[in-house]
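Reviewing the structure listed below.
The values are calculated or read from the model by the stated rules, or taken from the named source; none is laboratory data. Please read all numbers here as calculations on a predicted model, not as lab measurements. Here Cβ is always computed from backbone atoms with ideal geometry, including for glycine, and neighbour counts include all displayed protein chains.
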Amino acid sequence: MTNFREQYVDAEGNDVRPIIINVGNMSAATDSLPALFTIDEVETVFHEFGHALHGLLSKCTYPSVSGTSVARDFVETFSQFNENWAFQPEILAEYARHYQTGEVIPDSLVAKINEAHRFNQGFMTSELCAASILDMKWHELTEEELAIMSEGDQGANVAAFEERVCKEMGLIEEIIPRYRTTYFNHIFNSGYSAGYYSYLWAEVLDKDAFEYFQQQGIYNPEVAQSFRRTFLEKGGSEEPMVLYMRFRGAEPDPGALLRARGL
């Protein structure tokens, strides 16, 4: 998701609406098949559209806090929240049709997809936690420590540092961080320095919020409007937890993440 123009209110009091695009690199058509999305690609489309909604529905005064201009550990909440809708049976019936016959995806296959999402989640969660800790450990280093690590002409001994951090975490050899330092673009190239944990924390928020939708009815228009007014319109104009408590009426329950992952 990219903004060509942020939403804001100008000096004359006009609400200047944002210009937002989503661009995806999806499976291309072949000589024998049209362009068909994989499960991962469907999730990506819903994820990025969650960001787009956050930008499109913004109603803030200043561009510096409108749309997705929120705290780093809050911004992924709404994209990940939107993923929850991708495989709801009623929504699948609208877009998941056989490309030849037009048959709606059968309920039995929907059940298998949703069950498969819970497979190996303990391992995946450990990977994410390990990557988050590795990120933190790199950014905890002082200049003096980096200088000691980088003595000589070879630069910092990255492999030795990773090995030490993983040992301190108590990881077994079969579980390593999802991203090794040399290709961990999120923390060295994309603004998530010391913030990779935000994906897991945002999932705590999004799964707890979605449980509230499930309790109230996932197509409850009043809950949906509350979610829109409280979060999607507010951007970063108020503290994230103030907004969350306003919507949910309670602090987020970390157990929602574990339940969603089948843990």
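Of the residues Ala147, Ala116, which is within 18 Å of Asn84 (Cβ to Cβ) and surrounded by fewer than 16 Cβ atoms within 10 Å (Cβ to Cβ)?
Numbers: Ala147 fails: within 18 Å of Asn84 (Cβ to Cβ).
Of Ala147, Ala116, the one residue that is within 18 Å of Asn84 (Cβ to Cβ) and surrounded by fewer than 16 Cβ atoms within 10 Å (Cβ to Cβ) is Ala116.
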Q | Tyr212 being outside any helix (DSSP H, G or I), surrounded by 14 or more Cβ atoms within 10 Å (Cβ to Cβ) and not β-branched (Val, Ile, Thr) | A | no
Leu263 fails exactly one of (1) within 27 Å of Phe119 (Cα to Cα); (2) among the hydrophobic types (A, V, I, L, M, F, W, C); (3) assigned to a helix (DSSP H, G or I), namely (3)
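Can you go through Ala160, Ala194 and tell me which one is more than 25 Å from the chain's Cα centre (by Cα), closer than 22 Å to Glu145 by Cα and small (Gly, Ala, Ser)?
Working: Ala194 fails: more than 25 Å from the chain's Cα centre (by Cα).
Being more than 25 Å from the chain's Cα centre (by Cα), closer than 22 Å to Glu145 by Cα and small (Gly, Ala, Ser) holds for just one of Ala160, Ala194, which is Ala160.
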Per the filter on the range 5-58, residues at pLDDT 95 or above and of a type in the set (Phe, Trp, Tyr) are Tyr8, Phe46, Phe49
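If we only count helices (runs of 4 or more DSSP H) wholly inside the range 25-143, which ones have 3 or more residues that are acidic (Asp, Glu) and touching a Phe, Trp or Tyr at 6+ places or on another chain (Cβ under 7 Å)?
Passing ranges, in order: 72-83.
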